[in-house]
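Only the coordinates and a few stated rules stand behind these numbers; no lab work does. Only a predicted model underlies this, so the values are computations on that prediction, with no experimental measurement involved. Don't worry about glycine lacking a Cβ; one is built from the backbone with ideal geometry, like all the others, and counts go over all protein chains shown.
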Amino acid sequence: MRCSVCGREAVIKLRHAGLRLCPEHLVARVEKEVASAIRRFRMFSPEERILVAISGGKDSLALWHILAELGYRVDGLYIDLGIAGYSAPSREASEDFARARGLTLHVVSLAAELGASLDELTRLARGKTCSLCGTVKRYLMNKLAWEGEYQALATGHNLDDEAATLLGNVLRWDEGYLARQYPVLPGEGKLVRKVKPMVFLSEREMAAYCLIRGIEYLYQDCPHAEGARSIALKDVLNRLEDRYPSTKISFLRQFLKVRDRFRPPAPVVLHDCPSCGMPTAAEGPCRFCRLKDTVARHASRVTEDRGAAA
Ligand code: AMP
Ligand code: ZN
Ligand code: ZN
């Protein structure tokens, strides 16, 4: 198999792009796609400070590597969720990556911010683990980006992630989510701009990129992801992609052309949470502060019970 660009030995075949690429040209393609998404969607400028949300997986570490290579002012943020058997090695992969390259990684722990790890929270609060995890991650990412005076928050969502999210939103015809699914969401007040520079790059390309670039990421998936709806949606799309290459990329690209036809059911008015001051769509304490309250109430009950038993 020959590289479509230079004719040397190719290591990957990208049917959806009609390309076979050698290591050098796969790297060039990935970096070019990221740079062009940043430009096309006006994600950020070279003067702005960017915070990349780092999970320790291939996508976010590759994104951090690429943004730093491209000369952007970029730091990382790792949220230690306290997931048994998963958070410790993913934190280590993120810290090793930052240390080896002299990059700045902020680490926050959910236990310190909320009073409970994700595992504990799942036991105390109503709601599924993955949805609670999404809530606390979004909150902490935004809070840390706002407090650190970063102009944009970048995540490593790739083509497979975006196509699966889109399929999920379409199956529910969720107009609000569809209107908000875009590679860049402008900031507003204390909500920091959110950007996804890798939405046109597939999971396979990113894995190959990391291998070629020597980026050591955590291979393991989150134990909670197993059985999650997002995995089922990805499976369906992978099966379609096998038979009809380009399914994912055209699904996403065509959607982006018609997306402005979708409108959120009602305009979202943001309030400041009376407790933490961060933005929330409903009046009263934000969801994070309500979860924090649940955790604190439980902790005081436990203390009282121990006191009564003594
Ligand atoms: P996921 O929601 O796990 O599919 O991850 C999507 C993106 O969220 C990743 O590419 C990261 O940019 C970010 N992310 C996921 N987990 C964490 C974490 N523990 N700390 C910081 N960012 C994260
Ligand atoms: Zn080549
Ligand atoms: Zn709050």
If a/c stays under 1.5 just call it rounded; otherwise compare a/b with b/c (prolate if a/b is bigger, oblate if not). Do that for region 26-265, with a ≥ b ≥ c from the square roots of the Cα gyration tensor eigenvalues.
-> rounded
Go ahead and set up a Gaussian network model of the chain, Cα springs under 10 Å, then flag whichever of A17, A179, A37 fluctuates most.
-> A17
³J(HN,Hα), Karplus 6.51/-1.76/1.60, whole Hz, each residue of region 86-92, x for Gly, Pro = 10, 5, 4, x, 6, 5, 5
Distant-in-sequence amide H partners of M278 (H built 1.01 Å from N, under 5 Å) | C273
Could you give me the ³J(HN,Hα) list for region 142-157, computed from phi with Karplus coefficients 6.51, -1.76, 1.60 and θ = phi - 60°, whole Hz, x at Gly and Pro?
-> 5, 4, 5, 5, 5, 5, x, 6, 8, 8, 8, 10, 10, 10, x, 4
In Hz, Karplus ³J(HN,Hα) per residue of region 191-208 (6.51, -1.76, 1.60; θ = phi - 60°; x = Gly, Pro) = 8, 7, 3, 10, 9, 10, x, 10, 5, 9, 10, 7, 4, 4, 5, 5, 5, 5
Would you mind getting me the FRET efficiency between A100 and R49? Use the beta-carbon distance for r and R0 = 30 Å, nearest 0.05.
-> 0.85
Excluding D260 itself, what net charge comes from residues whose Cβ is under 13 Å from its Cβ, given Lys and Arg +1 and Asp and Glu -1?
-> +4
Sum of -39500 (n - 2.57) over DSSP H runs of 4+, divided by residues of the chain (222 nm, nearest 500) = -16000 deg cm²/dmol
Taking amide hydrogens as modeled 1.01 Å from N in the peptide plane, which residues meet the under 5 Å criterion relative to L14, leaving out close sequence neighbours?
-> L19, R20, L21
Taking the mean number of other Cβ atoms within 10 Å as a proxy for protection, how do you rank 65-73, 232-240 from highest to lowest?
-> 65-73, 232-240
Could you list, in their original order, any pairs among K257/K292; K128/K248; K128/K234; K234/K292 whose Cα atoms are separated by more than 31 Å?
-> K257/K292; K234/K292
DSSP beta bridges in the chain [antiparallel fraction, %, rounded to 5] = 35
Y78 long-range amide H proximity, modeled H, under 5 Å = I54, H106, V107, V108
For the chain, find the longest principal axis of its Cα atoms and tell me its angle to the long axis of helix 58-69, 0 to 90°, nearest 10.
-> 70
Mind checking the dipole of region 103-206: about its Cα centre, +1 per Lys or Arg Cβ, -1 per Asp or Glu Cβ, Debye to the nearest 20?
-> 260
Name the most mobile residue of H298, H271, H106, meaning the one with the largest mean-square fluctuation, in a Gaussian network model of the chain with Cα contacts below 10 Å.
-> H298
